[in-house]
1. At a Cα cut-off below 16 Å, give the lysines reachable from C:Lys231, other chains included and same-chain residues fewer than 8 away excluded.
2. How crowded by other chains is D:134-143, given as the mean number of beta carbons from other chains within 10 Å of each beta carbon?
3. For the protein assembly as shown, just the Cα atoms, rotate onto the principal axes and tell me the three extents in Å, largest first.
4. Between D:Lys51, D:Lys231, D:Lys176, find the one with the highest GNM mean-square fluctuation for chain D; connect C-alpha pairs within less than 10 Å.
5. Please work out which residue of chain B brings its Cβ closest to the axis of the rotation superposing B onto D, and round that distance to whole Å.
6. Mind running the shape call on the stretch D:12-141? Use the C-alpha gyration tensor, a ≥ b ≥ c as the square roots of the eigenvalues: rounded below 1.5 for a/c, prolate if a/b tops b/c, oblate otherwise.
7. Would you work out the charge dipole size for chain C about its Cα centre, treating the Cβ of every Lys and Arg as +1 and the Cβ of every Asp and Glu as -1, and quote it to the nearest 20 debye?
8. Which value, in debye to the nearest 20, gives the size of the charge dipole of the protein assembly as shown about its Cα centre, when Lys and Arg are +1 and Asp and Glu are -1 at the Cβ?
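The values are calculated or read from the model by the stated rules, or taken from the named source; none is laboratory data. These numbers were taken from a predicted model, which means no experiment stands behind them. Every residue, glycine among them, receives a Cβ derived from its backbone with ideal geometry; neighbour counts consider all protein chains shown. The protein model used for the area step is the full one, side chains on, heavy atoms only, and it has no ligands, DNA or RNA in it. Shrake-Rupley method; radii C 1.70, N 1.55, O 1.52, S 1.80 Å.
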There are 4 protein chains.
Amino acid sequence: MCRWLAYAGEPLQPSTLILETKHSLVAQSLNSPLGFETVNGDGFGVGWYGKDAAPGTPPAMFHSIEPAWHDENLRELTQAIESPLFLAHVRAAAAPPIQQTNCHPFRHGHWLFMHNGGLAHFSRLRRDLMLAVDPELFPHIRGTTDSEVLFHLAVTYGLQEDPIRGLGRAIRHVEKTADGFGIRDVVQGTFAVSDGRTLWAFRYSTVGRSRTLFHSADMATLQETYPHNEKLHRFGAKARVVVSEPLSDLPGAFIEVPESTVTVLDPDDFHTEPFLAD
Amino acid sequence: MCRWLAYAGEPLQPSTLILETKHSLVAQSLNSPLGFETVNGDGFGVGWYGKDAAPGTPPAMFHSIEPAWHDENLRELTQAIESPLFLAHVRAAAAPPIQQTNCHPFRHGHWLFMHNGGLAHFSRLRRDLMLAVDPELFPHIRGTTDSEVLFHLAVTYGLQEDPIRGLGRAIRHVEKTADGFGIRDVVQGTFAVSDGRTLWAFRYSTVGRSRTLFHSADMATLQETYPHNEKLHRFGAKARVVVSEPLSDLPGAFIEVPESTVTVLDPDDFHTEPFLAD
Amino acid sequence: MCRWLAYAGEPLQPSTLILETKHSLVAQSLNSPLGFETVNGDGFGVGWYGKDAAPGTPPAMFHSIEPAWHDENLRELTQAIESPLFLAHVRAAAAPPIQQTNCHPFRHGHWLFMHNGGLAHFSRLRRDLMLAVDPELFPHIRGTTDSEVLFHLAVTYGLQEDPIRGLGRAIRHVEKTADGFGIRDVVQGTFAVSDGRTLWAFRYSTVGRSRTLFHSADMATLQETYPHNEKLHRFGAKARVVVSEPLSDLPGAFIEVPESTVTVLDPDDFHTEPFLAD
Amino acid sequence: MCRWLAYAGEPLQPSTLILETKHSLVAQSLNSPLGFETVNGDGFGVGWYGKDAAPGTPPAMFHSIEPAWHDENLRELTQAIESPLFLAHVRAAAAPPIQQTNCHPFRHGHWLFMHNGGLAHFSRLRRDLMLAVDPELFPHIRGTTDSEVLFHLAVTYGLQEDPIRGLGRAIRHVEKTADGFGIRDVVQGTFAVSDGRTLWAFRYSTVGRSRTLFHSADMATLQETYPHNEKLHRFGAKARVVVSEPLSDLPGAFIEVPESTVTVLDPDDFHTEPFLAD
């Protein structure tokens, strides 16, 4: 029900992707052709890791309940900083409350998480799912979203040790709980997880008709293919973006992530692998 | 660049029109098919006259910079009050700042004013137009919109004595000022003005291609035509709405206001007449 | 950690008490001499029952995260309405988040609840207390405050059938839970509860050193005592206020509510009785 | 009517001064013993120059209408960045509107400006003062504060060529205009101006009873005097703060800026000189 993007690579001003491309995240907040909703005006958030931060340093966050499109602080901030790994999200809420604690990304220690999609009939599931969260983590749940509960469930299931397995088991837990309520097709979404070094981007839904997700093509190849495209040459050779829908119409620039797949971005590695809730 | 509606008639909960019809003003804030912009999420406002208020009593106002669609205060408020005459507006700003002082309607004494459209190249005209405002009124201009300056210019030109003539002369002043800057087609808009008893709704642009405007048909006739339409029977016989685009698809319910026309609603009278900037 | 007032009597503009007295609630938001904190700028709320509403009609609410002192909507709204029974609250948060879902009063059906004070070490107790809430009510908890959880616990314990007993049992539950964690002196506060007809105002803390609470003296007597006090003559004969600290310095106008006491205001009755968590 | 601080020296996390000292700016926002008002909760702002920015690069800004004390974005942001020169301000408004365009600091090109104090009877002077602003600058005035108008008047009078002379002449213009209205003692304040390299901090009022202003003592000397004070050793040898009131109680740490004086901080120089409106 939202749009998001995640970047990893050479340090970059987030504004480059959030504001300055043709179908930037902010442009998508006003009009997202591939989105379930076309307007994503119910707040936004940015989480970013520092340029020279030691591994394990918590990222910074900026959350706002205003629409992203005319937000002056977003513009200022994303031009003032540079980050080698950042996540940004524009929200389309199914219902109130619109509050900063419902804005993605969510943070736990040095981990970030964000989500596009939803858990069906969440208000019926909320109590049971919150009970399944590690009691130590319970006080950290501050908002009312399904996404925040799912994140803490994934942490409960070991996301910090193994993000793919942790999220997979959390999703499986949600599916089993939903079964008990007679709720079908409960999980729908794309998810981004990072520890500041690696970025995991998931596309998954219980019935296999997930929200769209794309990753950018290899930048060195793109720059070779389009030697005169100035915008492309603002990026470093390792730059990668994962995003709800393509940021530009450039042929070959964005590649769809298949259903039930996780894309892994790392300074030393880029690969995709099947992802199943287990 | 916005959407608005104005109601006059028997006291009514504003939520009836703002929230509960198929194409209610709040529905239009998310998606207005006839609008210049389809999203009107840059704040909103309601101005309403009291049910038993003495003539000349200033109306109350509620302004917010949040999008209207999920605003809980708007929902609460417009269900809690009843008013025989109210104006409501959802804003699509061309640019920041998004602030309450830029939300319509604007108030002067017991007068309300709101506007959909704009003055072309307003930043170049702003100083000259503000200088033309009565110096006594100058301190009352608190925001940055063209609409607020135009309203105070109309008050300067006698809106309180004769709203049609006052607004006409103010618009003419703007057109002459724009000529001096080589700016063409400067005024574009629909305007609502009220003193709490009468509602004037204008459709006018310098070149005669104004934003759309509609008024509702005679309610008694509508109710006779649709005897089983429960929603219609919530309205009194004198109920009239003027609105940027129809609130429903009911055939015959909404009639377009022609170009360069003012519609006058009064407890004892309803008529339209030509409107020209003079 | 807050300031509140509740009014019952002849229909009254809430602004009379919230804005226009010497030590009005808004004045107290900036400077409350008897308060635990002197500044209560972390949002505010008003809940009001309609003038002609049928018994059992839910009250309306207005919540904002801005400080009350310069809020223009609060000023407009509380002058535009009249209500025979309203609650108003200015918040001093111990910590973020500052969000509308954390603003008092809270509503359940046609019941309102607000609180000044707190539950000690609430983050350690939160999970256990939320589990004790009726699962049907669980999805209605939208914020992060101890007050909202306590309210839903009181509803769980029958507040709607017997408010004094319901709140008493809920507080007792909290005290027992806290004992299990080795937390002493857990409950601290003054509480207001209403169903739109009767107002219950409680002063209670686990160790008997509660926040201050006052009720106004009999209005007919006051008006007789001060025949030339114009402000007093704006009130009807049945007007009563309960408030965290006196709204004026008028000798005899405000009477302290004793420790462990509940004050009951009703169109036909006014009395106080001992209140103990049982 | 506000509190502010300005820092110049080795790159520093702004949170060090804004959040983490005993009488930090945020602590002062809740309680400023030397302030004209004790509460400064009507929004805040930070303007900062980049660590490696080329001379002439505009600074970034963050403005919010929330009180500073519980603002999570302020906390995140001021810990995430480092800056060799930043200005921060907490506002106490005499009246609404509370909006981002009224938050200090104000920016013009690569210049920043902020102000504590006010122009007496500004609403009567506003039109004349705005007319005296260079017409090219007029469209840049977006809020309703006296401070923003004074800044643009100072730019009109050459602040970018000579800040001391530019502000002096602007203040003199205000004083002359006020004389014409029979307004005495019109200017009251402390002012900070920077171009990213140098910081000018002024203390001036028409009648010579200005708001307080302090600058920190030479850091190397302080560190020598207090060899075991860990907090002091977080600062570089060139670190200097100018602030409305001392950030700590450390004897010798803060020195009052005399009346009608400007303090000039520069990487190569620190001195004070008399300042008079001319």
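1. Partners within reach: C:Lys22.
2. 4
3. Rounded to whole Å, the extents work out to 73, 72, 67 Å.
4. D:Lys231
5. So the chain B residue sitting closest to the axis is B:Gln99, 2.
6. Verdict is oblate for the stretch D:12-141.
7. Dipole of chain C, to the nearest 20 debye: 560 debye.
8. Using only the charged Cβ atoms, the result is roughly 0 debye.
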